[in-house]
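The values are calculated or read from the model by the stated rules, or taken from the named source; none is laboratory data. Given the structure is predicted, the values throughout are model-derived calculations rather than measurements. In this analysis, Cβ positions are derived from the backbone assuming ideal geometry, glycine residues included, and neighbour counts consider all displayed protein chains. Just the protein is used for accessible areas: all its heavy atoms, side chains included, with ligands, DNA and RNA removed. Shrake-Rupley method; radii C 1.70, N 1.55, O 1.52, S 1.80 Å.
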Amino acid sequence: MAIKVRAAVPDDAPGICVVYNQGIEDRAATFETQTRSPDDIVHWFGDDACPVVVAVEDAEILGFASTSAYSARECYAGIREFSIYVHRQAKRRGIARLLMTTLFDEAAKAGCWKVTSRIFPENTASLELCKSLGFRVVGTHIRHARLDGEWRDVVTVERLLDQI
């Protein structure tokens, strides 16, 4: 069956939770350390200005990409931070690219003009994907936060959505 990427709905929270918890456990893409429950995820829905998309195959969620507000300041209303996670067993199948291109479309429809994220420098797969999708590296935040007691740097990337 083909992979379908679509807007996420609240019923997707359990599947998103599985994928997100893998990312938390792997310590390769987030500073978060506490796994989530579907109840923690369901609050992501209902804000049309912050799209969430999922990749689905045979009714199983293989990955998701989400957005959140960059800042509460009105001048930044069209900027979204994004996160993307792919199930461990589904990596290297082009799912991340499908998720990101769909997220670009959904974010632009929601009135956004830019997406940005912070990526661990060691996460070369994410950095390479972003580069191939037209992101530019803004810079590196040194000692941005601690993960498991260790200081971690992050690379900030951004992409204007009118580049679609």
With the crude spin-label approximation of a point 7 Å out along Cα→Cβ, what separation in nm comes out for Val42 versus Lys109?
2.4
Specify the inter-centroid distance of the range 24-60 and the range 89-123, based on alpha-carbon positions, in whole Å.
13
Förster radius 25 Å - calculated FRET efficiency between Ser132 and Val18, Cβ distance, rounded to 0.05:
0.40
Can you compute the modelled spin-label distance between Arg88 and Thr30, with each label point 7 Å from Cα toward Cβ, in nm?
1.6
If the elastic network links every pair of Cα atoms under 10 Å, which of Arg80, Arg118, Arg146 fluctuates the most in the Gaussian network model of the chain?
Arg146
Between Lys4 and Asp153, how high is the FRET efficiency from 1/(1 + (r/R0)^6) when r is the Cβ-Cβ distance and R₀ = 22 Å? Nearest 0.05.
0.05
Signed unit charges on C-beta, dipole axis of the chain, positive-most listed residue Gly139, Cys17, Ala49:
Gly139
Can you give the charge dipole size of the chain about its Cα centre, rounded to the nearest 20 debye, using +1 on the beta carbon of Lys and Arg and -1 on the beta carbon of Asp and Glu?
600
Residues of type aspartates and glutamates that Lys4 reaches as a straight line, Cα spacing below 12 Å, ignoring anything fewer than 8 places off in the same chain:
Glu57, Asp58, Glu60
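How large is the direction-averaged shadow of the alpha-carbon convex hull of the chain, in nm²? Don't skip to the answer; put the middle values down first.
Values: hull surface 37.8 nm².
For the chain, the mean projected area of the Cα convex hull comes to 9.4 nm².
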May I ask you to evaluate 6.51 cos²θ - 1.76 cosθ + 1.60, the Karplus curve with θ = phi - 60°, for each residue of the range 14-19 and list the ³J(HN,Hα) values in order in whole Hz, giving x for glycine and proline?
x, x, 4, 4, 4, 5
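Before rounding to the nearest 500, sum -39500 (n - 2.57) across all DSSP H runs of length at least 4 in the chain and divide by the residue total; then give [θ] at 222 nm in deg cm²/dmol. Don't skip to the answer; put the middle values down first.
On the way: 4 runs with 42 residues, N = 164.
When only DSSP H runs of four or more count, the value is -7500 deg cm²/dmol.
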Carbon/sulfur fraction of accessible area - the chain, other protein chains in place, 1.4 Å, %
49
